[in-house]
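The values are calculated or read from the model by the stated rules, or taken from the named source; none is laboratory data. What you are looking at is a predicted structure, and each value in this text was computed from that prediction instead of being measured. No Cβ is skipped: glycine too gets one built from the backbone with ideal geometry, and neighbour counts run over all protein chains shown.
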Amino acid sequence: MNSKLKRPLLAAGIVVGVCALVWGGLTLLRNGSRSAVKVYPVTEIGMTEYGGDTTETSGTVTMDKLQKVYLSKTQSSAQVYVTEGQTVKKGDRLLSYDSTLTELDVERARIALERLRLQQENTRKELQQLQLAEDKEKLQQQADALSAKIEKKLADSTGEIIRRDSKPIQPGKPLLRGSAAGTAEDPLYCDWNSGDALTEQNLSVLLPEGEKELYVVLVTHRGDETLGDIIGSWGLHLIRGENGAISVSLAELPAAEDISVDGTTDEIRQLRKELQRVQELLSRSYTKAELLRMQNDKLREIQEAETSIKMAELDLRKKQTEASDGSVYSQLDGVVKTVRSPGDAAANNEAVVEVSAGGGYYVTGTVSELRLDTVKVGQTVNISSRMTGAACTGEVVEISTYPTDGDSYGGDGNPNVSYYPFKVFVSEDQQLQEGESVSISYQAVSDSDGSSLYLENMYVRTENGKSYVMARGENGKLEQRWVQTGKVVWDSYTQIRGGLTPEDYVAFPYGRDVVSGAKTEEATVDALYSW
């Protein structure tokens, strides 16, 4: 090779070598000057005992080979005809009672149930409208259909109202009608005998003991017949004072003439409300997120209404039974397990008489298909009565392999998934009542892989879709360690399925010094949060 060419190449090689030595020296110097990275015990920044998410749903109580007799506040002077240990046959009289319950109380319970059902139906319609809100064309079609229906109802209502099933309004026995709340916005309407005065006795029929306030419109009819022409009406505001006396004042309330006997005007008014809601949806633009939130709100209202309806149905059945012949009869062949004094039983929310044929309670709830793996046969669940607050536990004894028929709004309230019924057995010594609505809550069963290590989210990073932590290696130096992750709980902890153990130490994975190969120093988590 030409000597002139060798000299430049030699010089270039010397320069490269010198640069490499300098760079290496600087790297060693920089690494040597790095602070030791603090690493923390996994047991301090994670958890190894996660019992699972708490799931809550509603259920209904049924009795199996068991009968318990409770007394209401309107029942008194109970006489018990059986003793503990006595064998009874179906139809044997267990006890008798006196009752202050009136036909008006039963009618109030019926109206309350009717009102709840109507409210739930209206909420269902509102949900359906929200589900159509993304399609303005379908929403407009619904608006047109409602408008046409209203016009037809208005035309039909101009004819003579068919008056049927008329009955006399007895003195001292006002008749409630319609489904109203008894508030200023939604007063109660009552057919009133024209000969009745506003005496304390008559007013107490409208406002029974225990109730504090009522807005009511008293309506008088020609001939004191329920379907006679309305000849007068006036609104009243009733308030029961601390001494039990009822004060009365006039109130400006919707006139009785606005409500037709057969409910036609009420129906038109309801249709107009539906049309107004549809027109509001047509006039506004909502995002998908807003519509989803509004739909979920309606789903929760429907679920809450379903619970209220079940309680109202139970209340009506109890009142209808109590208003019958004043006696309670055995519903099964069995043995009288317990007899309590009426006073003690009422004070402790316990049954006066309990008859058993070796049964107990069954509570039926539902679980979403998305959470079907969170409940297992043999699992213990918590039961809480919505009526009395009584709490107990039960055991899951059956999970159906077929979804429920129709709509179910329990669980997470998602209308797009199926719900599966499951049955819980509760021992007969608990104080639940037939037909009552209860809350069911339980911890999700453990994961099938048995992994129980969860790390705070801030210690887990991702790169190219894979998760890793900065952990101390066997040589005491920091290393980037890939881990297998699972679910996130409480938006705070990530499940670690593999790659890390409770005995490991990890670093907070941010900062200039946090690199693979860095020296490590053990520290407590208190040092991190005080930094």
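So which residues in the range 327-344 are of a type in the set (Val, Ile, Thr) and more than 36 Å from the chain's Cα centre (by Cα)?
335, 336, listed by residue number.
Residues checked against (1) surrounded by 18 or more Cβ atoms within 10 Å (Cβ to Cβ); (2) among the aromatic types (Phe, Trp, Tyr):
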{"residue": "40", "(1), (2)": "yes, yes"}
{"residue": "46", "(1), (2)": "yes, no"}
{"residue": "70", "(1), (2)": "yes, yes"}
{"residue": "77", "(1), (2)": "no, no"}
{"residue": "96", "(1), (2)": "no, no"}
{"residue": "110", "(1), (2)": "no, no"}
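Across the range 477-531, what is the total count of residues that are among the polar types (S, T, N, Q) and not in a loop (DSSP other than H, G, I, E, B)?
So the answer is 6.
Which condition does residue 337 not pass, out of (1) in a loop (DSSP other than H, G, I, E, B); (2) assigned by TED's automatic domain parsing to the domain that holds residue 64, if it passes all the others?
Only one criterion is unmet by residue 337, namely (1).
Just the residues that are within 15 Å of residue 45 (Cβ to Cβ) and of a type outside the set (Ser, Thr, Tyr), please, taken from the range 491-513.
Within the range 491-513, 495, 496, 500, 502, 503, 504, 506, 507, 508, 509 qualify.
With the requirement that a residue be within 21 Å of residue 452 (Cβ to Cβ), at pLDDT 90 or above and small (Gly, Ala, Ser), what does the range 464-497 give you?
Scanning the range 464-497 gives 467, 471.
Out of the residues in the range 153-166 that are in a helix (DSSP H, G or I) and surrounded by 10 or more Cβ atoms within 10 Å (Cβ to Cβ), which is modelled with the lowest pLDDT?
The selected residue is 157.
Among the numbered criteria (1) in a loop (DSSP other than H, G, I, E, B); (2) not assigned by TED's automatic domain parsing to the domain that holds residue 86, which single criterion is violated by residue 313?
Of the numbered conditions (1) in a loop (DSSP other than H, G, I, E, B); (2) not assigned by TED's automatic domain parsing to the domain that holds residue 86, the odd one out for residue 313 is (1).
Considering each residue of the range 208-243, count those that are farther than 16 Å from residue 175 by Cβ, of a type in the set (D, E, K, R) and surrounded by 12 or more Cβ atoms within 10 Å (Cβ to Cβ), and give that number.
Residues flagged as farther than 16 Å from residue 175 by Cβ, of a type in the set (D, E, K, R) and surrounded by 12 or more Cβ atoms within 10 Å (Cβ to Cβ) within the range 208-243 amount to 3.
Take the residues in the range 500-517 that are surrounded by fewer than 13 Cβ atoms within 10 Å (Cβ to Cβ) and either among the basic types (Lys, Arg) or modelled with pLDDT of 90 or more (or both), then tell me which one is nearest to the chain's Cα centre (by Cα).
501
Looking only at the range 366-383, decide whether some residue is at pLDDT 85 or above, in contact with a Lys or Arg (Cβ under 9 Å, 6 or more places away or on another chain), over 24 Å from residue 92 (Cα atoms) and of a type outside the set (Val, Ile, Thr).
No, because not a single residue in the range 366-383 is at pLDDT 85 or above, in contact with a Lys or Arg (Cβ under 9 Å, 6 or more places away or on another chain), over 24 Å from residue 92 (Cα atoms) and of a type outside the set (Val, Ile, Thr).
Take the range 340-360 and flag every residue that is out of contact with any Gly (no Cβ under 7 Å at 6 or more places or on another chain) and either surrounded by 16 or more Cβ atoms within 10 Å (Cβ to Cβ) or not assigned by TED's automatic domain parsing to the domain that holds residue 69 (or both).
340, 342, 345, 346, 350, 351, 352, 353, 354, 359, 360
Being within 23 Å of residue 113 (Cβ to Cβ), part of a loop (DSSP other than H, G, I, E, B) and either modelled with pLDDT under 80 or touching a Cys at 6+ places or on another chain (Cβ under 7 Å) (or both) is the filter here; which residues of the range 183-218 pass it?
Those that are within 23 Å of residue 113 (Cβ to Cβ), part of a loop (DSSP other than H, G, I, E, B) and either modelled with pLDDT under 80 or touching a Cys at 6+ places or on another chain (Cβ under 7 Å) (or both): 209, 210.
Scan the range 266-286 and tell me whether some residue there is surrounded by fewer than 19 Cβ atoms within 10 Å (Cβ to Cβ), modelled with pLDDT of 80 or more, over 27 Å from the mean Cα position of the chain (by Cα) and assigned to a loop (DSSP other than H, G, I, E, B).
The answer is yes, given that some residue of the range 266-286 is surrounded by fewer than 19 Cβ atoms within 10 Å (Cβ to Cβ), modelled with pLDDT of 80 or more, over 27 Å from the mean Cα position of the chain (by Cα) and assigned to a loop (DSSP other than H, G, I, E, B).
Scan the range 507-526 and give yes if some residue there is in contact with a Gly (Cβ under 9 Å, 6 or more places away or on another chain), in contact (Cβ under 8 Å) with a residue 24 or more places away in the chain and of a type in the set (A, V, I, L, M, F, W, C), otherwise no.
no
Every residue, every condition in (1) acidic (Asp, Glu); (2) under 21 Å from residue 175 (Cβ atoms); (3) in contact (Cβ under 8 Å) with a residue 24 or more places away in the chain, yes or no:
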{"position": "62", "(1), (2), (3)": "no, no, yes"}
{"position": "77", "(1), (2), (3)": "no, no, no"}
{"position": "80", "(1), (2), (3)": "no, no, yes"}
{"position": "88", "(1), (2), (3)": "no, no, yes"}
{"position": "91", "(1), (2), (3)": "no, no, yes"}
{"position": "100", "(1), (2), (3)": "no, yes, yes"}
{"position": "113", "(1), (2), (3)": "no, yes, yes"}
{"position": "123", "(1), (2), (3)": "no, no, yes"}
